[in-house]
Amino acid sequence: TLGATWEVTWSDTEGVVSGSQSGSGNSQWNIPNVPYTDTVTLNAKITQNPTGYTCTISPTSTTAQAGQSITFTVSCTVETGSISVSVTNDTLGATWLVTWSDSQGKVSGSQSGSSDASWTVNNVPYGDTVTFQAQIVSNPSGYTCTISPTSQTAQMGGSVTFTVSCTLITGPINVEVTNDTLGATWQITWSDTQGIISGSQSGSSDESWTIN
């Protein structure tokens, strides 16, 4: 039914009958002029597989005499392969989850981690499409992370890559100087451990401000 190309050859013990027949679908024919009591040997083989399938023909060899019939049966199995999956750029340890399932209901699974990782999804049938879904399930302290793309598809022999990106969470610091009722002149300076924020403020009275 898948169009495997086959060939059947035959010859007899008396050297009277010989020939061949090939095709890529169901076929039926007669071998004429077979002498009575003569034995004809028939050999069958697959000469070309349909794309994505491996086929066999059975039996590969048999014998028959005049008046008998022989049937050869072609059987095909779909080829399978793998898809390569990787998660990259998870340098801060965000926890991610990747799940997958296919359109034929034959392949499914999940993988989670909190660092860069790579793996293979095996036994993917030829022509089948596997959909991958990715999400961040836990952010590292002080960061908000995303993973992209959140969804993509691949087939046998393909590969998919997910990339983690994180941004530092920022917020204000409120600063206040109080009780400077006599007008003392003061100065406040600040800097952070990462070298991102620095500044100073001076005055001679009560004051409040925000470091963003």
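The values are calculated or read from the model by the stated rules, or taken from the named source; none is laboratory data. Model, not experiment: these values are computed from the prediction. Because the Cβ atoms are built from the backbone with ideal geometry, glycine has one as well, and the counts that use them run over all protein chains shown. The area values use the complete protein model at the heavy-atom level, side chains included, leaving out ligands, DNA and RNA. Shrake-Rupley method; radii C 1.70, N 1.55, O 1.52, S 1.80 Å.
Residue count for segment 113-130 satisfying the condition of being loosely packed, with under 14 Cβ neighbours inside 10 Å and assigned to a strand (DSSP E or B): 4.
Taking the criterion of being open to solvent by 70 Å² or more (accessible area, probe 1.4 Å) and touching a residue at least 40 places away in the same chain (Cβ under 8 Å), the residues of segment 31-48 that qualify are T47, Q48. Is it true that some residue in segment 49-61 is touching a residue at least 40 places away in the same chain (Cβ under 8 Å), part of a loop (DSSP other than H, G, I, E, B) and of a type in the set (F, W, Y)? No; the residues of segment 49-61 include none that is touching a residue at least 40 places away in the same chain (Cβ under 8 Å), part of a loop (DSSP other than H, G, I, E, B) and of a type in the set (F, W, Y).
Looking across segment 150-164 at every residue that is touching a residue at least 24 places away in the same chain (Cβ under 8 Å) and more than 11 Å from the chain's Cα centre (by Cα), the one that is most open to solvent (accessible area, probe 1.4 Å) is identified as T163.
Out of all the residues in segment 200-212, is one or more of a type in the set (D, E), closer than 22 Å to T95 by Cα and modelled with pLDDT of 95 or more? No - not one qualifying residue is present in segment 200-212.
Within segment 1-18, can you find the residues that are closer than 14 Å to D38 by Cβ and surrounded by 13 or more Cβ atoms within 10 Å (Cβ to Cβ)?
Just the residues of segment 1-18 that are closer than 14 Å to D38 by Cβ, to begin with: 10-18.
Within segment 1-18, W10, S11, D12, T13, V17 meet the criteria.
No other residue among T91, T37 is on the phi > 0 side of the Ramachandran plot and part of a loop (DSSP other than H, G, I, E, B) apart from T37. Among residues of segment 136-149 being surrounded by 15 or more Cβ atoms within 10 Å (Cβ to Cβ) and outside any loop (DSSP other than H, G, I, E, B), the one that is farthest from the chain's Cα centre (by Cα) is C145. Per the conditions (1) open to solvent by less than 70 Å² (accessible area, probe 1.4 Å); (2) under 30 Å from I83 (Cα atoms), the sole criterion not satisfied by S200 is (2).
Counting just the residues of segment 150-193 that are in a loop (DSSP other than H, G, I, E, B) and among the acidic types (D, E), which one comes out farthest from S101 (Cα to Cα)? Ranking the candidates gives D180 first.
Residue check: is T77 closer than 21 Å to G157 by Cα, exposed (fewer than 15 other Cβ atoms within 10 Å of the Cβ) and not acidic (D, E)?
Values: closer than 21 Å to G157 by Cα: yes; exposed (fewer than 15 other Cβ atoms within 10 Å of the Cβ): yes; not acidic (D, E): yes.
Yes.
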